[in-house]
Amino acid sequence: MQKLEIITQKIHEIRGNKIMLDFDLAELYETETRILKQAVKRNIERFPEDFMFELTESEIILLVSQSVIPSKSKLGGAKPYAFTEQGVAMLSSVLNNEKAIEINIAIMRSFVSLRKFALTYEELTKRLTEVEQKFPEIYKALNYLMDTHQKDIEQKERSKIGFKKK
């Protein structure tokens, strides 16, 4: 599987934001989740609520039910952090190494790819709605033409079918 596909599969939507979970990021950065969280806590001022937030119990249960997280026991009792696109970008300044920079570039490309897909989907939905709105007008026109054509057929005199007497 390509790197972009692997990363895209690790992007989820919570609270209306596309996010990545701390343990997925740690795996991509080839580091421990504990180390990633420590680096974030040392630089917490770089991560406002719209960059990173801690998941609630209900959000964790939702992710478990969607098979994003195998079970709550995988978390080891700690609530995972969810990083938005901006939060992931900020991580590269906190985890300042070559691997972090390389992975961050790939992650940013994945977010951009998802955004393009979402825009394309939105555009297609809009066009489909426009076409559906035109259907009633088209049906009206077709019915009118069929009714008019039917009246023309009914008005013509037909020749009788069968044997003719001499």
**OP:** Hey, could you grab the Kirkwood Rh for the chain? Inverse mean 1/r over distinct alpha carbon pairs, Å, one decimal.
**Re:** 20.3
**OP:** Neighbouring Cβ atoms within 10 Å as the yardstick, rank Ile107, Ile60, Ile69 fewest first.
**Re:** Ile60, Ile69, Ile107
Subject >> In order through the range 129-144: 3J(HN,Hα) via Karplus (6.51 cos²θ - 1.76 cosθ + 1.60), integer Hz, x for Gly, Pro >> reply: 4, 4, 5, 4, 6, 7, 4, x, 5, 5, 4, 4, 5, 5, 4, 4
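Using 28 Å as the Cα-Cα cut-off, could you pick out the over-long pairs in Lys18/Lys79; Lys10/Lys134; Lys79/Lys116? Each step should come with its number before you reach the end.
Working: Lys18/Lys79 18 Å; Lys10/Lys134 40 Å; Lys79/Lys116 31 Å.
As for pairs spanning more than 28 Å Cα to Cα, those are Lys10/Lys134; Lys79/Lys116.
Quickly estimate the mean residue ellipticity at 222 nm for the chain, helices only: each DSSP H run with n ≥ 4 gives -39500 (n - 2.57), and the total goes over all residues, rounded to 500. Before the final figure, lay out each step's value.
Values: 6 runs with 101 residues, N = 166.
Mean residue ellipticity, 222 nm, calculated: -20500 deg cm²/dmol.
Give me the net charge for the shell around Met52: Cβ to Cβ below 10 angstrom, other residues only, Lys and Arg +1, Asp and Glu -1. Walk me through the intermediate numbers first.
Values: positive: Arg46; negative: Asp22, Glu49, Asp50, Glu54.
Charge balance in the 10 Å sphere: -3.
The numbers here are math on the coordinates, done by the rules we state, and not lab data. Being a predicted model, the structure only gives us computed values, none of them experimental. Quick reminder, even Gly has a Cβ in these numbers, built from the backbone with ideal geometry, and neighbours come from all protein chains shown.
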